[in-house]
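*Asks:* Take this structure, written in structure tokens, and hold onto it; I'll ask about it next.
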Amino acid sequence: MKIKKISTQIKKIPLQTPFVTALRRVENVEFIRVCILLESELSGIGEAPATKAITGEDLKSIEHAINHHKKDFISKTLEEALEMLHKLSIGSSAKAALDMALISLQAQEHTQEIYEYLGAKQEEQIETDITISLNSQEEMLQDAQNTYKNGFKILKIKLGADIKHAIEITKALALSLPEAQLLIDANQAWSVEKSLQYIASIQADKIELIEQPVQAKDLKGLQQITQNSSILILADEAAFSLNDVKYIVENDIADMINIKLMKCGGITKAVEILEYAREKGVKCMLGSMLEGPSSIYAAECLAMAYKDVIKYVDLDSPHLYKKGFMV
Ligand SMILES: [Mg+2]
């Protein structure tokens with residue numbers, strides 16, 4: 001069936017508390033929702049948040065990219081539209097929003113849910129980590145303890161450039177929550193030296209992994225850390241596309257990869273990366289930005305279909321929305 005109409009809307013969901021990492025501070029989840037309507041009246045939804053610090057796209061550029069190209073998609077079949085989309089030179093988040101709407105429609109045309117279409121036998125609850133924002137040690141401890149008490153056993157701890165604070169907070173968290181699984185995310189804030197200092201100060205049994213310690217472009221530095229670390233190293237901002245992932249895996253630059261729909265350009269591209277990771281025996285994290293509910297659901301469907309490859313799921317956005325707020 002052919003595409004009849006594409007429309008976009010800007011959406012905003014307030015957060016319970018501000019989200020703070022080494023790269024940014026935000027108080028709302030803001031995203032573009034795209035709706036693709038077929039001549040059969042079936043409709044598919046896709047979403048993309050603004051994460052200028054990571055993908056370089058804001059709401060305006062995502063909306064502009066979609067609206068600028070939408071006329072080319074009208075009267076195309078889903079297969080034609082997908083092929084055309086992934087040849088366009090537009091941002092990866094704009095691509096991801098369109099891709100997930102198209103994949104949702106393909107699933108509907110097969111009278112399947114997205115997770116079935118991707119190969120999962122049944123829908124299941126996916127256990128996500130919860131992010132603990134970068135704050136004072138006292139606030140981070142309090143936040144982590146409350147989150148753990150609320151039933152979340154996997155915590156993603158955001159750390160900043162102050163390595164002394166990073167080491168102290170990690171030790172304090174490991175001591176106060178010995179049963180929690182702690183994932184550390186430095187969001188590119190450290191040097192190689194600081195990273196190695198951190199690793200030497202923290203025993204491997206206290207934390208599960210360290211995510212993106214150095215600048216995304218510093219692949220040599222990341223490799224040096226990985227090869228000298230007793231703790232698993234995960235590449236995030238350094239790994240956008242399948243080509244990035246292949247380069248990182250083939251050159252032992254990181255132990256694991258964080259796959260996000262907004263970095264790779266949608267479900268179609270995430271599947272290519274997951275198939276490659278499955279073939280190579282590389283474990284992954286299925287992550288997200290701060291996103292709307294539909295794009296998080298699309299990522300959850302991937303997590304259901306690739307349970308053997310995805311070791312950690314970082315899809316906590318809906319848990320961070322202000323209570324009772326949904327769009
Ligand atoms: Mg990260």
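*Asks:* What single numbered condition from (1) touching a Lys or Arg at 6+ places or on another chain (Cβ under 9 Å); (2) of a type in the set (Phe, Trp, Tyr); (3) farther than 28 Å from ASP218 by Cβ fails to hold for TYR321?
*Replies:* (1)
*Asks:* State which residue pairs qualify: first residue closer than 17 Å to SER317 by Cβ and inside region 120-135, second residue outside any loop (DSSP other than H, G, I, E, B) and among the hydroxyl-bearing types (Ser, Thr, Tyr) in any location, beta carbons under 7 Å apart, and separation of 6 or more residues or different chains.
*Replies:* Note: pairs meeting the criteria are ASP129/TYR312; ILE130/THR147; ILE132/THR147.
*Asks:* Now for a separate question. Within region 1-20, which residues are under 25 Å from the mean Cα position of the chain (by Cα) and not β-branched (Val, Ile, Thr)?
*Replies:* Of everything in region 1-20, those that are under 25 Å from the mean Cα position of the chain (by Cα) and not β-branched (Val, Ile, Thr) turn out to be SER7, GLN9, LYS11, LYS12, PRO14, LEU15, GLN16, PRO18, PHE19.
*Asks:* Filter region 132-151 for residues that are hydrophobic (A, V, I, L, M, F, W, C) and either in contact with a Lys or Arg (Cβ under 8 Å, 6 or more places away or on another chain) or farther than 19 Å from PRO18 by Cα (or both) and give the result.
*Replies:* Passing the criteria: ILE132, LEU134.
*Asks:* How many residues does region 154-197 hold that are away from the ligand (no atom under 16 Å from the Cβ) and surrounded by 23 or more Cβ atoms within 10 Å (Cβ to Cβ)?
*Replies:* 2
*Asks:* Can you tell me which residues in region 203-217 are surrounded by fewer than 17 Cβ atoms within 10 Å (Cβ to Cβ) and within 16 Å of the ligand (Cβ to nearest atom)?
*Replies:* Hits for region 203-217 are GLN215, LYS217.
*Asks:* Name the single residue that is modelled with the lowest pLDDT among those in region 294-325 being out of contact with any strand residue (DSSP E or B) (no Cβ under 8 Å at 6 or more places or on another chain) and within 21 Å of THR21 (Cα to Cα).
*Replies:* PRO318
*Asks:* Out of THR131, THR111, report the one residue that is among the hydroxyl-bearing types (Ser, Thr, Tyr) and in a strand (DSSP E or B). Steps first, please.
*Replies:* Values: THR111 fails: in a strand (DSSP E or B).
It is THR131.
*Asks:* Of these, GLU127, GLU109, which one is within 21 Å of the chain's Cα centre (by Cα) and at pLDDT 95 or above?
*Replies:* The match here is GLU127.
*Asks:* In the list ALA238, ALA200, which residue meets the criterion of being more than 21 Å from ILE132 (Cβ to Cβ) and either outside the structural domain of ASN135 (by TED's automatic domain parsing) or within 12 Å of the ligand (Cβ to nearest atom) (or both)? Even if it seems obvious, please write down each step before you answer.
*Replies:* Values: ALA200 fails: either outside the structural domain of ASN135 (by TED's automatic domain parsing) or within 12 Å of the ligand (Cβ to nearest atom) (or both).
Residue meeting the stated conditions: ALA238.
*Asks:* Right, next: Restricting region 250-286 to residues that are assigned to a helix (DSSP H, G or I) and of a type in the set (Gly, Ala, Ser), which is nearest to LEU209 (Cα to Cα)?
*Replies:* Among those that are assigned to a helix (DSSP H, G or I) and of a type in the set (Gly, Ala, Ser), it is ALA277.
*Asks:* Continuing with the same structure: Just the residues that are over 20 Å from LYS5 (Cβ atoms) and either outside any helix (DSSP H, G or I) or not assigned by TED's automatic domain parsing to the domain that holds SER7 (or both), please, taken from region 32-70.
*Replies:* PRO49, ALA50, THR51, GLY56, GLU57, ASP58, listed by residue number.
The values are calculated or read from the model by the stated rules, or taken from the named source; none is laboratory data. All values derive from a computational prediction rather than experimental measurement. Methodologically, a virtual Cβ is constructed for each residue, glycine included, from the backbone with ideal geometry; neighbour enumeration extends over all protein chains shown.
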